[in-house]
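Participant: Got a structure here, written out as structure tokens. Questions coming.
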Amino acid sequence: MTEKKGKAVLAYSGGLDTSVAVMWLSEQGYDVITMTADVGQKDVDLQAAKAKALHSGAVKAYIFDLKRTFVENYVWPSLKSNGMYQGTYPLVSALSRPLIAKTLVDIANKEGAVAVAHGCTGKGQDQVRIEVCATALNPKIKVLAPVRDWHFTREAEMEYAAKHGIPVKATAGSPYSIDENLWGRSIECGVLENPWNEPPEDAYEMTSNPIEGPDQPEFVEISFEGGVPVALNGERLHGVDLIKKLNAIAGRHGVGRVDMIEDRLVGFKSREVYEAPGAVTLLTAHRAMETLTLDKQVLRSKRQLEVRFSELAYEGYWFSPLCDAVGAFVNETQKYVNGTVKLRLHKGQAVVRGMKAGKSIYRHDLATYSEGDAFDHSAAVGFINIWGLPVRTWTATYPRQDAAEIPIEA
Ligand code: ARG
């Protein structure tokens, strides 16, 4: 008789790994409580997951539709920060982990559990994010990672599952490692591990091949309030529906395919493929909207902090003092990000084709070279005199030695 160790709350997908994890943790003496969440991954069946968890030996199975929470509390803050790791990855998987960790901890606190658990392997960053986020929220909670610890081969796992009466589908399985949510889809492993290989078409599900996309471009209008998209083509929608719709529209045109060599937190470079049609379109629109509505100095500082934000989110520091502080700065700026951006979707590209804002600090009377020019041309003389003063002073003190760019001959 194994000694009772208390309750453990396991992030449960319903797949083989986490089903085996339920059994395995039970055998170690834990009362396993599972948590399955819908964050917009396709084919999610919460009721079936619950039944399977209980069948696998869970004492209790929680299921949640977290799509709204995910969008409002994780995706939108990231969009406001133009979250793109290394300038290209829209943080798809990195955004769902803090939410999963928080939900595990919330349940653990309510249930008086001693541990939370996940099915990540020991090589990825999702383990880091879940564990760092969970312990940031509750430093006393223990974290269990059975899949990392148990050293089962795939075959041994199947055998173990069969022995314990866990139904296993003998599918060939995807040749890739996939993670998906409303904000996009991450595709890794298999032939992608050789960076010279072009990603095969079968890696993609949300986007069509841009070359084979519709010959006719399609225009979309995204309206922002407080930095958050509130309407698509004039129709007001909740974020969940707006992202879903835009995924379909932009996906049809092959927008949002990302293929990159990514610097992982765990020290090595990895070839990563993503598809995030809605995310890439919204990020393109949002960045543009800011250029029309934000002050120059604010924009400059914000662009620098966006890099930090993306690194923090990527590296598991969602619940950290710096992420909170950057978030507060970003929120202050977003009050002014109101207006509409028009984009053209065509053959893999989302291109900004126009924008407008009710309160715009773009001033036509200042910008125009035509009739109605309100810019004070004569003020340029004094401005340039003072702007150039430091460099004139420097050269007067340290004469420059630059050679002529070209031989000067008469
Ligand atoms: N490299 C990406 C990231 O770290 C994708 C992770 C995908 N996760 C997965 N379990 N397949 O954010």
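Participant: Using Cα centres only, tell me the gap between the range 367-410 and the range 250-325 in whole Å.
Facilitator: The range 367-410 and the range 250-325 have Cα centres separated by 37 Å.
Participant: Something else about it: Which aspartates and glutamates, if any, have their Cα less than 18 Å from the Cα of Lys163, not counting same-chain residues under 8 positions apart?
Facilitator: Answer for Lys163, where 18 Å is the Cα cut-off: Asp17, Glu27, Glu155, listed by chain and number.
Participant: If the convex hull of the alpha-carbon atoms of the range 209-328 is projected onto planes in all directions, what is the mean projected area in square nanometres?
Facilitator: Dividing the Cα hull surface by four gives the mean projection, 9.4 nm².
Participant: Rounded to the nearest 20 debye, what is the charge dipole size of the chain about its Cα centre when +1 sits on each Lys and Arg Cβ and -1 on each Asp and Glu Cβ?
Facilitator: Computed about the Cα centre, the dipole is about 1080 debye.
Participant: Specify whether the C-alpha gyration tensor of the range 78-127 places it in the rounded, prolate or oblate class, a ≥ b ≥ c being the square roots of the eigenvalues: rounded for a/c under 1.5, otherwise prolate if a/b is larger than b/c and oblate if not.
Facilitator: oblate
Participant: Let me know the shape class of the range 326-379, please: from the alpha-carbon gyration tensor, a ≥ b ≥ c as square roots of the eigenvalues, rounded when a/c is under 1.5, otherwise prolate if a/b is greater than b/c, or oblate.
Facilitator: Oblate.
Participant: Please give the helix 154-163 orientation as an angle from the longest Cα principal axis of the chain, in degrees from 0 to 90, rounded to the nearest 10.
Facilitator: The answer is roughly 40 degrees.
Participant: Are there chymotrypsin sites (Phe, Trp or Tyr not before Pro) in the range 116-171 that DSSP marks as loop and that have at most 15 other Cβ atoms within 10 Å, and which are they?
Facilitator: Answer by residue number: Trp150.
Participant: Rounded to the nearest 20 Debye, what is the dipole magnitude of the range 279-410 about its Cα centre when Lys and Arg each give +1 and Asp and Glu each give -1 at the C-beta?
Facilitator: Approximately 540 debye in magnitude.
Participant: I've got another one for you. Counting Lys and Arg as +1 and Asp and Glu as -1, what is the net charge of the other residues whose Cβ lies under 13 Å from the Cβ of Ala101?
Facilitator: Charge balance in the 13 Å sphere: 0.
Participant: What shape does the range 303-407 have by the C-alpha gyration tensor, where a ≥ b ≥ c are the square roots of the eigenvalues, rounded means a/c under 1.5, and otherwise prolate means a/b greater than b/c and oblate the rest?
Facilitator: Oblate, since a/c reaches 1.5 and b/c is not below a/b.
Participant: What pairs from Lys80/Lys342; Lys42/Lys142; Lys102/Lys244; Lys296/Lys359 go past 20 Å between their alpha carbons?
Facilitator: Table pairs above 20 Å Cα-Cα are Lys42/Lys142; Lys102/Lys244.
Participant: Sticking with this one: Calculate how steeply helix 321-334 sits against the longest principal axis of the alpha-carbon atoms of the chain, using the helix alpha-carbon long axis, and give the answer as 0 to 90 degrees to the nearest 10.
Facilitator: The answer is roughly 50 degrees.
Participant: Shifting gears a bit: In degrees, nearest 10, range 0 to 90: what is the angle between the Cα axis of helix 239-252 and the longest Cα principal axis of the chain?
Facilitator: 80 degrees
Participant: Which whole-Hz ³J(HN,Hα) couplings does the range 110-126 yield from phi under the Karplus relation 6.51 cos²θ - 1.76 cosθ + 1.60, θ = phi - 60°, glycine and proline marked x?
Facilitator: Karplus-based 3J(HN,Hα) across the range 110-126 equals 5, 8, x, 7, 8, 8, 10, 9, 9, x, 6, 7, x, 10, x, 9, 5 Hz.
Participant: Taking the chain on its own, what percent of its Cα-Cα pair distances exceed 39 Å?
Facilitator: Pairs farther apart than 39 Å: 31 percent.
Participant: Hey, how many Å between the Cα centroid of the range 127-200 and the Cα centroid of the range 95-110?
Facilitator: Here the two parts' Cα centres lie 18 Å apart.
Participant: Only counting other Cβ atoms within 10 Å, I'd like Ile222, Ile361 sorted with the fewest neighbours first.
Facilitator: Least crowded to most crowded, the residues run Ile361, Ile222.
Every read-out reported here was derived from the displayed coordinates using simple, explicitly stated rules and does not represent laboratory data. Remember, it's a predicted structure, so these values are computed and weren't measured experimentally. No Cβ is skipped: glycine too gets one built from the backbone with ideal geometry, and neighbour counts run over all protein chains shown.
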